[in-house]
1. Condition first: acidic (Asp, Glu), exposed (fewer than 14 other Cβ atoms within 10 Å of the Cβ), modelled with pLDDT under 95 and closer than 23 Å to residue 7 by Cβ. Can you find one or more residues in segment 67-82 that meet it?
2. Considering only segment 46-59, how many residues are within 10 Å of residue 31 (Cβ to Cβ), without any contact (Cβ under 8 Å) to a residue 12 or more places away in the chain and of a type in the set (D, E, K, R)?
3. Would you point out the residue of segment 104-121, among those that are outside any helix (DSSP H, G or I) and in contact with a helix residue (DSSP H, G or I) (Cβ under 7 Å, 6 or more places away or on another chain), that is least open to solvent (accessible area, probe 1.4 Å)?
4. Any residue in segment 84-112 that is within 11 Å of residue 160 (Cβ to Cβ) and in contact (Cβ under 8 Å) with a residue 12 or more places away in the chain sitting within a Cβ distance under 6 Å of a residue that is open to solvent by 40 Å² or more (accessible area, probe 1.4 Å) and not in a helix (DSSP H, G or I)? List the pairs, counting only those 6 or more apart or interchain.
5. Hey, could you check segment 1-28 for residues that are farther than 23 Å from residue 60 by Cβ and in a helix (DSSP H, G or I) and say which is least open to solvent (accessible area, probe 1.4 Å)?
6. Within segment 29-87, how many residues are assigned to a helix (DSSP H, G or I) and under 30 Å from residue 122 (Cβ atoms)?
7. Which pairs have Cβ atoms under 6 Å, sit 6 or more apart or on different chains, and link a residue in segment 151-164 that is over 16 Å from residue 109 (Cβ atoms) to one that is part of a helix (DSSP H, G or I)?
Amino acid sequence: MTSAGDEALKQLRTLAQAHALGRHVGSDRLVQAALDALPAAVDSPSFPLLAGLGRREEHEARELFDRVADELGIGFDAPADPTAAKWALAHWLADQVVDGSPDPASAADLVWVEVAMDLDYPDELGPVVAVAIQLVDRDESRGIPLEQLREEALREFRALAERRGPAPAA
């Protein structure tokens, strides 16, 4: 597969993981990801159906996307155990930040609010939570510049991703 095809599969896999980990992924994003992947020659029997959905048919996007993910072998099941699922979300967010999206500051806030709180603030997430708190309490006139805090969040996400070890092969 071409590098464009690899990139398209990576985007589709990311959307499948996001949904499995409880992140909202709108139907419009699923259809757009399929449209973006068309020139890369990503192929599965249900793929053209997903890419061809119109606005009135977007309610079918989730089911078609799940079929496409299964056909391409990029489906993802989140851990059934709630604690393991929270850790999976934290590590997935770390991987996403290291890969360049989402914004490290936004991801740090998500780890704080959606993971660390539920896990009773484990030490491993402490540095990310500390940056998230600094971002919330930031005052331009006397605090650390926003860009510096984003860089610090990125460093902490890199460390979190490294501590967990490499991501499973795709």
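The values are calculated or read from the model by the stated rules, or taken from the named source; none is laboratory data. Source: prediction; values computed, not measured. Using ideal geometry, Cβ is built from the backbone for each residue, glycine included, and neighbour counts are taken over all protein chains shown. For the accessible areas, the whole protein counts, side chains as well, though only heavy atoms, and no ligand, DNA or RNA atoms are used. Shrake-Rupley method; radii C 1.70, N 1.55, O 1.52, S 1.80 Å.
1. Yes; the residues of segment 67-82 include at least one that is acidic (Asp, Glu), exposed (fewer than 14 other Cβ atoms within 10 Å of the Cβ), modelled with pLDDT under 95 and closer than 23 Å to residue 7 by Cβ.
2. The initial filter retains those residues of segment 46-59 that are within 10 Å of residue 31 (Cβ to Cβ), namely 50-55, 57-58.
Now restrict to residues that are without any contact (Cβ under 8 Å) to a residue 12 or more places away in the chain: 52, 54-55, 57.
If we keep only those that are of a type in the set (D, E, K, R) too, we end up with 55, 57.
Counting residues in segment 46-59 that are within 10 Å of residue 31 (Cβ to Cβ), without any contact (Cβ under 8 Å) to a residue 12 or more places away in the chain and of a type in the set (D, E, K, R) gives 2.
3. So in segment 104-121, the residues outside any helix (DSSP H, G or I) come out as 117-121.
Of the ones still in play, those that are also in contact with a helix residue (DSSP H, G or I) (Cβ under 7 Å, 6 or more places away or on another chain) are 118-119, 121.
Working: 118: 99, 119: 33, 121: 108 Å².
Residue satisfying both the conditions and the ranking: 119.
4. Final answer for the pair search is 95/167.
5. Taking segment 1-28 and keeping what is farther than 23 Å from residue 60 by Cβ, we get 1-7, 10.
Filter once more, so that each one left must be in a helix (DSSP H, G or I): 3-7, 10.
On the way: 3: 97, 4: 55, 5: 0, 6: 83, 7: 107, 10: 82 Å².
Once the filter is applied, the top-ranked residue is 5.
6. Number of matching residues: 6.
7. 158/98; 161/94; 161/95; 161/98; 164/91
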